[in-house]
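Chemist: One structure, as structure tokens, below. Some questions next.
The values are calculated or read from the model by the stated rules, or taken from the named source; none is laboratory data. Predicted model, so just to flag it, every value in this text is computed and none were measured. Neighbour counts run over all protein chains shown; Cβ positions are idealised from the backbone, glycine included. Areas reflect the complete protein model, heavy atoms only, side chains present, ligands, DNA and RNA absent. Shrake-Rupley method; radii C 1.70, N 1.55, O 1.52, S 1.80 Å.
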Amino acid sequence: MELVLRPVNDRFFHEQVLPFLSLAMSDSARALQALHEQLVDERALQLCARLITSHIGGGLGGVEQAPWVELVDRLTFLQWGPCSTGGWEVVGQRVGYAGNWDEALHLALMVEDPTYPYWDARASYGRREGFRLHPVAGLGLASLIGGHWEPFPDFPPDRIFSTQGRGEYMSRDHYAFADWAWRSARVVEQWHADLASKLERLLERERERLAPVESPETHAVLAYWLGQAPQPPSHTVTFSGLGQRSASWIQELGVLTSHLREAAREQAGLVTLVTRPVSVQP
């Protein structure tokens, strides 16, 4: 099972994607017609036209499944930009981050949650399992990877796009999560601003855990995570008590933080999706 994380055009997501999905819940025909007027992309226009033609009324229950899934995937995971003649067009496709979902969640919780027992395989796995069933708000990248939506959306995200059937939408509590989630460029920029201090605190927790063993390569590890060094140190004391996977954790966390850094530099939002080979259903 994999996690895909990609940067998205923040303005396009705010101005087109979110309003479209919100309106589609109650009046998908009108939402499709409004979207059709804003897009220049040929494939997206074909999908809109097909969905309008085959529409049988109402919200998402009235749309044809296969073209709906393809349209939402195209809107959500491709790179869009303003067209010189007006409207929006696809300007490319970013590979982004693709990695093991459990591993990515483990790394994000290491960074974001000071109470997360990353050194204990059984306890940490239990925490991740609970997090997948009910992702916690306020844990930055970990909350996003878990599928939690913040701010609370105007639509149930699990009804828009689902790969595993995970999802909850509680209007009274303003709580929602799904197999996919999104964060705005403003939030991503704040995550990036806070990243160095969070990583430093993680390394400090590890120094305390390993004491009295010294960690002379801590600064080299931090430099790699912050993009100041191209590779991690080849032999690290840091996380040495965690077994053979510790070196791969250091490297994979560097890959994950590089994608966060790049998105912040581009003033882009981030979208995540947990994938596996099952059909996607609206």
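Chemist: Scan region 145-185 for residues that are without any contact (Cβ under 8 Å) to a residue 60 or more places away in the chain and open to solvent by 40 Å² or more (accessible area, probe 1.4 Å) and jot them down.
Modeler: Those that are without any contact (Cβ under 8 Å) to a residue 60 or more places away in the chain and open to solvent by 40 Å² or more (accessible area, probe 1.4 Å): Glu150, Pro151, Phe152, Asp158, Gly165, Glu168, Tyr169, Met170, Ser171, Arg172, Asp173, His174.
Chemist: Now, a different point. So how many residues does region 57-109 have that are touching a residue at least 12 places away in the same chain (Cβ under 8 Å), exposed (fewer than 14 other Cβ atoms within 10 Å of the Cβ) and either within 17 Å of Ala29 (Cβ to Cβ) or in contact with a Cys (Cβ under 8 Å, 6 or more places away or on another chain) (or both)?
Modeler: 3
Chemist: Moving on. Being of a type outside the set (D, E, K, R), in a loop (DSSP other than H, G, I, E, B) and modelled with pLDDT of 95 or more is the filter here; which residues of region 152-199 pass it?
Modeler: Across region 152-199, the qualifying residues are Phe152, Pro153, Phe155, Pro156, Ser171, His174, Ser184.
Chemist: What is the one condition in (1) touching a Leu at 6+ places or on another chain (Cβ under 7 Å); (2) modelled with pLDDT under 85; (3) under 30 Å from Thr163 (Cβ atoms); (4) surrounded by fewer than 17 Cβ atoms within 10 Å (Cβ to Cβ) that Arg245 does not satisfy?
Modeler: With (1) touching a Leu at 6+ places or on another chain (Cβ under 7 Å); (2) modelled with pLDDT under 85; (3) under 30 Å from Thr163 (Cβ atoms); (4) surrounded by fewer than 17 Cβ atoms within 10 Å (Cβ to Cβ) applied to Arg245, the lone miss is (1).
Chemist: Out of Leu260, Leu199, which single residue is in contact (Cβ under 8 Å) with a residue 12 or more places away in the chain, touching a His at 6+ places or on another chain (Cβ under 8 Å) and of a type outside the set (Val, Ile, Thr)?
Modeler: Leu260
Chemist: Given the structure, is Thr272 assigned to a loop (DSSP other than H, G, I, E, B), under 19 Å from Val111 (Cβ atoms) and out of contact with any Ser or Thr (no Cβ under 7 Å at 6 or more places or on another chain)?
Modeler: Against the criterion (assigned to a loop (DSSP other than H, G, I, E, B), under 19 Å from Val111 (Cβ atoms) and out of contact with any Ser or Thr (no Cβ under 7 Å at 6 or more places or on another chain)), Thr272 does not qualify.
Chemist: Could you go through region 69-82 and let me know if any residue there is more than 20 Å from the chain's Cα centre (by Cα) and not small (Gly, Ala, Ser).
Modeler: Taking every residue of region 69-82 in turn, at least one turns out to be more than 20 Å from the chain's Cα centre (by Cα) and not small (Gly, Ala, Ser).
Chemist: I'd like the full set of residues that are more than 14 Å from Trp80 (Cβ to Cβ) and touching a helix residue (DSSP H, G or I) at 6+ places or on another chain (Cβ under 7 Å), limited to region 35-48.
Modeler: Hits for region 35-48 are His36, Leu47, Cys48.
Chemist: Next question. Is there a residue being open to solvent by less than 40 Å² (accessible area, probe 1.4 Å) and touching a strand residue (DSSP E or B) at 6+ places or on another chain (Cβ under 8 Å) anywhere in region 115-137?
Modeler: Looking through region 115-137, at least one residue is open to solvent by less than 40 Å² (accessible area, probe 1.4 Å) and touching a strand residue (DSSP E or B) at 6+ places or on another chain (Cβ under 8 Å).
Chemist: A follow-up question, please. Out of (1) modelled with pLDDT of 95 or more; (2) part of a helix (DSSP H, G or I); (3) open to solvent by less than 10 Å² (accessible area, probe 1.4 Å), the odd one out for Glu206 is which?
Modeler: Among (1) modelled with pLDDT of 95 or more; (2) part of a helix (DSSP H, G or I); (3) open to solvent by less than 10 Å² (accessible area, probe 1.4 Å), the lone unmet condition for Glu206 is (1).
Chemist: Answer yes or no as to whether Ala220 is modelled with pLDDT of 85 or more, surrounded by 15 or more Cβ atoms within 10 Å (Cβ to Cβ) and more than 24 Å from the chain's Cα centre (by Cα).
Modeler: yes
Chemist: Scan region 216-227 and give yes if some residue there is assigned to a loop (DSSP other than H, G, I, E, B), over 23 Å from Gly146 (Cα atoms) and of a type in the set (Val, Ile, Thr), otherwise no.
Modeler: No, that holds for no residue.
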